[in-house]
Amino acid sequence: MEIPFLKTPVEFLKGVGPQRADLLRKELGIFVYYDLLSHYPFRYIDRTKFYKINEIVDNLSLIQIIVRLKSVEVIGEKSAKRLVAQANDDTGNIELVWFQSIKWIEKNLQPNSLYVIFGKVSFFNGKKQITHPELELYQSTNPNYGNLTLQPVYSSTEKLKIFGLDSKGIQKIIATLLQQSLPHINNVLPQYITDKYHLYHSVDALKNIHFPINSQTLKFATNTLKFEELFFIQLKLLRTKLLRTQKFKGNVFTKVGDKFTYFFHNLLPFTLTDAQKRVIKEIRLDTQKGIQMNRLVQGDVGSGKTVVALMVMLLAIDNGYQTCLMAPTEILATQHYHSLKALLKNDFVNIALLTGSTKTKERRILHQQLLSGQLNILIGTHALIEDPVVFKNLGLAVIDEQHRFGVEQRAKLWRKNIIPPHILVMTATPIPRTLAMTLYGDLDVSVIDELPAGRKPIETLHLYENQRLRKFGLMQQEIAKGRQVYVVYPLIKESATLDLKNLLEGCEVIATEFPLPQYKISIVHGQMKAKDKEFEMQRFVKGETQIMVATTVIEVGVNVPNATVMVIENAERFGLSQLHQLRGRVGRGADYSFCILMSSQKLTKDGRTRLQTMVQTQDGFKISEIDLQLRGPGNIEGKEQSGVLDLKIADLALDQQILMEARNTVIQLFEEDPDLKNPKNELIKNYFIQTKTGITLDKIS
Ligand code: ADP
Ligand code: MG
């Protein structure tokens, strides 16, 4: 690629000019030639198919016909003035109408000639009609009519259309640009890679993505551009990782010490699963290498990530370091604080909580204890990185429920120490492999792919409103056994008051269903003060209340093993990963549990699929794949912080195979040639440097 040429502002392209350029920038974010070239069509119209007039039955369908022009006349006055042409083929008649450029078109039309006509057919007074058709003279010698076989369709906007940049207009300027660009486009990948994966030269890929010769070349072009896109994203991610390991030292946790051993032998209330053991081992190996660890731990809800984090923290503490654990919400941070304290029993480890509502006085004490090294574990929210917290010696930072923390925030944590702390990231629910490799492609990944033994499956039911008696029956049955129940309402973003109204009405109904004084209800919702929320949560945790009615604040992390029923109201309004998270709140003890998904009768297709998926499977990895397919990566939570998901052509739900190939190619490339010094990799290096896809390139000379 010749970058300077491709960075020419679109204004200078023939047929664009300052006004259209301004619109292209504002409406489509197209600034320079490169942006326009990579404004790929979002679909193609098959122009190889010709209809007969009598085959046209659907209103407003786009069709292509060959007709003979019979007559042309201008009718009407002033604003109603129009050009009308009558045309036919051997099966029927059709009318062609123009409201604009009448004179010019009239002059150029040749009655009695054959034309290829393309446009949207409407039925007007019983007549078939096309307004402003595309047309060209039929030439039997050129069966391809300007080589249009698959015509590109480009996204445009109302404003752009006013200025002549509808799909067709954009097609025109792209054709012009493509023509001019050809000499300036070099291959971005060397031949040994394009050969191996049957990819086009970049030039052919660009030509065929915009103006495919046929569906076969379109497929090759699409694959090539997807591969290129994913390849350079992976190059950037893996380069970041490589530089980090070359540049940053890591704390070395040499020994397994007293605290770890004491906890393991005396306090750990269960046997670790094999998966938990394996992950702890992987982390331990990482922390002995002298390289900073950046590891993602993926595990399904309830797979026991917390205890893994705790044991790794103990390892750090035994080696003389402090640790912190960061959670996305105050409730979750508080919950972690209590559950770690409970696991640790006595005070052989100093542990504290820092959130937005920590008082200034307490904060000051905390700061001192951190600075002196007295405090071993600090648990908190964002406050942890925003606050001027200074550690004496932070050796490990654990981030729970990662997908709300961006790369930038991870980076802030590093700056808390001279030698950056090891970073352990834990996801709330599994995310699909493709997404993990793109969002967290610079991290190593461990998977806890096993649930603790003895977990009973959670029976999931989908009930409609008119089956609510069954819901109450189940709730009563479980509460009578001494169990507890969650009832969750969706957050309605547009209306917090409506939210609250739903929730409070729900509570009233529940109260009438459970009239006896021994039944108590906790209520938690977004408009309560943190302190009040915490109080209500604790009542439920301690078993003082039997029913917890809440909006989704309980979504992440609460752990009440005695709870055996999760009722989700308006379940169709929740996303799949949220539903899965919520369901994971039950089935934590040894008892058989239930998840009841309540919904209205009217469901969208996606809504139905989501609920069916929940009923059919409990496998978080499977659910996350379906979620990705339904929603597309653009809507997966957390992507805002990450530019890597603004993909131009690749689709993480569909292109798993290409992504794997691209990533493996990069891995192999860096194994052989980490600094891209080998002449055979020059194309890659050039493109990488020029586009600044990577971070500082000081290692590449
Ligand atoms: P998550 O991975 O969703 O964060 P938690 O760490 O909250 O899961 O663990 C869920 C529950 O399982 C907790 O009550 C925890 O104490 C328990 N648990 C964790 N590991 C085991 C194990 N190996 N055997 C039995 N119970 C376990
Ligand atoms: Mg957790």
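The values are calculated or read from the model by the stated rules, or taken from the named source; none is laboratory data. Keep in mind it's a predicted model, so treat the numbers as computed, not measured. Reconstructed Cβ throughout: ideal geometry from the backbone, glycine too, with neighbour counts over all protein chains shown. Side chains are part of the model used for accessible areas, which takes the heavy atoms of the whole protein and leaves out ligands, DNA and RNA. Shrake-Rupley method; radii C 1.70, N 1.55, O 1.52, S 1.80 Å.
Flag not set for L28, criterion: open to solvent by less than 70 Å² (accessible area, probe 1.4 Å), modelled with pLDDT of 90 or more, farther than 21 Å from K159 by Cβ and out of contact with any helix residue (DSSP H, G or I) (no Cβ under 6 Å at 6 or more places or on another chain). For region 453-471, filtered to residues that are within 16 Å of ligand 1 (Cβ to nearest atom) and under 13 Å from T564 (Cβ atoms), the residue that is surrounded by the fewest Cβ atoms within 10 Å (Cβ to Cβ) is P457. If you go through region 450-459 and keep only what is within 16 Å of ligand 2 (Cβ to nearest atom) and not hydrophobic (A, V, I, L, M, F, W, C), you end up with E450, P452, R455. Considering only region 162-185, state which residues are within 32 Å of the chain's Cα centre (by Cα) and open to solvent by 50 Å² or more (accessible area, probe 1.4 Å). D166, K168, listed by residue number. Considering every residue within region 463-472, establish whether at least one is among the basic types (K, R), over 18 Å from P517 (Cα atoms), in contact with an Asp or Glu (Cβ under 7 Å, 6 or more places away or on another chain) and touching a residue at least 40 places away in the same chain (Cβ under 8 Å). Looking through region 463-472, none of the residues is among the basic types (K, R), over 18 Å from P517 (Cα atoms), in contact with an Asp or Glu (Cβ under 7 Å, 6 or more places away or on another chain) and touching a residue at least 40 places away in the same chain (Cβ under 8 Å). From the list E534, E555, E569, exactly one residue is at pLDDT 90 or above and charged (D, E, K, R). Which is it? Result of the check over E534, E555, E569: E569.
With respect to being in a loop (DSSP other than H, G, I, E, B) and either more than 19 Å from Q477 (Cα to Cα) or within 16 Å of ligand 2 (Cβ to nearest atom) (or both), N502 falls outside the description. Before we move on, is A383 out of contact with any Cys (no Cβ under 8 Å at 6 or more places or on another chain) and either within 25 Å of G302 (Cα to Cα) or within 16 Å of ligand 2 (Cβ to nearest atom) (or both)? No.
For region 260-272, the criterion of being touching a strand residue (DSSP E or B) at 6+ places or on another chain (Cβ under 9 Å), in the same structural domain as A327 (by TED's automatic domain parsing) and within 16 Å of ligand 1 (Cβ to nearest atom) is satisfied by no residue at all.
One residue is enough: does region 238-254 have a residue meeting the conditions within 30 Å of D204 (Cβ to Cβ), away from ligand 2 (no atom under 16 Å from the Cβ) and part of a helix (DSSP H, G or I)? Yes.
Among the numbered conditions (1) more than 16 Å from F211 (Cβ to Cβ); (2) of a type in the set (V, I, T); (3) not in a strand (DSSP E or B), the only one that I130 does not meet is (3). The selection criterion, being among the β-branched types (V, I, T), under 16 Å from P190 (Cβ atoms) and either modelled with pLDDT of 95 or more or under 26 Å from the mean Cα position of the chain (by Cα) (or both), holds for T665. Residues that are part of a helix (DSSP H, G or I) and either within 14 Å of ligand 1 (Cβ to nearest atom) or more than 16 Å from I458 (Cβ to Cβ) (or both) within region 562-577 comprise E572, R573, S577, listed in sequence order.
Residues that are part of a strand (DSSP E or B) and open to solvent by 20 Å² or more (accessible area, probe 1.4 Å) within region 352-385 comprise just one, L353. In region 592-608, the qualifying residues are those that are open to solvent by less than 60 Å² (accessible area, probe 1.4 Å) and in a loop (DSSP other than H, G, I, E, B), and the one that is nearest to Q476 (Cα to Cα) is S600.
Of the residues making up region 31-57, those that are open to solvent by less than 70 Å² (accessible area, probe 1.4 Å) and assigned to a helix (DSSP H, G or I) are Y33, D35, L36, L37, I53. Checked against (1) outside any loop (DSSP other than H, G, I, E, B); (2) under 22 Å from Y262 (Cβ atoms); (3) more than 11 Å from ligand 2 (Cβ to nearest atom), A333 meets all criteria but (2). Checked against (1) modelled with pLDDT of 85 or more; (2) not in a strand (DSSP E or B), G526 passes all but a single condition, namely (1). Within region 674-693, the only residue that satisfies the criterion of being at positive phi and of a type in the set (A, V, I, L, M) is L676. For the structure I just gave you, tell me whether V297 is outside any helix (DSSP H, G or I), open to solvent by less than 20 Å² (accessible area, probe 1.4 Å) and within 16 Å of ligand 2 (Cβ to nearest atom). Yes: the conditions hold for V297. On inspection, R284 fails the criterion of being open to solvent by 60 Å² or more (accessible area, probe 1.4 Å), in contact with a strand residue (DSSP E or B) (Cβ under 9 Å, 6 or more places away or on another chain) and not hydrophobic (A, V, I, L, M, F, W, C). Could you list all residues from region 647-662 that are part of a helix (DSSP H, G or I) and charged (D, E, K, R)? Scanning region 647-662 gives a single hit, E661. Of all the listed residues (I365, I431, I418), the sole one being modelled with pLDDT under 85, under 29 Å from V558 (Cβ atoms) and out of contact with any His (no Cβ under 6 Å at 6 or more places or on another chain) is I431. Got at least one residue in region 336-352 being within 16 Å of ligand 2 (Cβ to nearest atom), of a type in the set (S, T, N, Q) and in contact (Cβ under 8 Å) with a residue 24 or more places away in the chain? Yes, that holds for at least one residue. In region 300-321, the residue that is nearest to ligand 1 (Cβ to nearest atom) out of those that are open to solvent by less than 10 Å² (accessible area, probe 1.4 Å) and in contact (Cβ under 8 Å) with a residue 60 or more places away in the chain is S303.
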